[in-house]
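*Asks:* Before I ask anything, here is the structure I am working with.
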Amino acid sequence: MKSLLSAVGCMLALGIAATAAHAQSMGDHQIIRPDDVKWSAASPMFEKGAEIAVLYGDPSKEGLFALRFKMPKGYLIAPHTHPKQEVVTVLSGTIRAGMGETADPSKAQAVPAGGFFTFPPGMAHFVTTDEDTIIQLNSIGPWGLTYVNPKDDPRQK
């Protein structure tokens, strides 16, 4: 399991390295205005169509980080887990968050802009979007994502 998490961490680092360069090191003062957020294609661990912007820290390394995900309407991140606490604020749009090892949108709870949710390490969950949506994820690195069903992993398709 530890080697799987290491592999996921390496893939995450490769997928967001360019974006992380924009984020400053811990302890540096920074202000990022909405127009200054630098978006890039999300890591290959996510289905195409999503964009990511790392605002603070480096998700592939120890320490706090903040990143944003921009997802189009109808986007799905299949059931998965994370090794660390996931803390999410919905900035725009509406996301549906559901628990469990099967993605059943009818059992997911709508979280509109301004809403907040958190999942503990290891809790299987999924998300889908009702409209174009931006979320901010805060956590502690090294961060990773492990799909419950390996066939859901876009890197395996």
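The values are calculated or read from the model by the stated rules, or taken from the named source; none is laboratory data. This structure is a prediction, so every number in the text was calculated from the model and none was measured. Reconstructed Cβ throughout: ideal geometry from the backbone, glycine too, with neighbour counts over all protein chains shown.
*Asks:* If I filter the stretch 119-130 down to residues being out of contact with any Ser or Thr (no Cβ under 6 Å at 6 or more places or on another chain) and surrounded by 13 or more Cβ atoms within 10 Å (Cβ to Cβ), which single residue comes out as farthest from residue 100 (Cα to Cα)?
*Replies:* The selected residue is 129.
*Asks:* Let me ask you something else. Those residues that are outside any strand (DSSP E or B) and β-branched (Val, Ile, Thr), I need them from the stretch 115-157; list them, please.
*Replies:* Within the stretch 115-157, 148 is the sole residue that qualifies.
*Asks:* Here is a further query. Exactly one condition in (1) basic (Lys, Arg); (2) under 20 Å from residue 154 (Cα atoms); (3) in contact with a Ser or Thr (Cβ under 9 Å, 6 or more places away or on another chain) is false for residue 48; which is it?
*Replies:* The number of the failed condition is (3).
*Asks:* Taking into account only those residues within the stretch 97-118 that are surrounded by 16 or more Cβ atoms within 10 Å (Cβ to Cβ) and of a type in the set (Gly, Ala, Ser), which is farthest from residue 152 (Cα to Cα)?
*Replies:* 115
*Asks:* Is there a residue in the stretch 24-43 that is at pLDDT 95 or above and within 24 Å of residue 148 (Cα to Cα)?
*Replies:* Within the stretch 24-43 (the criterion being at pLDDT 95 or above and within 24 Å of residue 148 (Cα to Cα)), the answer is yes, since at least one residue qualifies.
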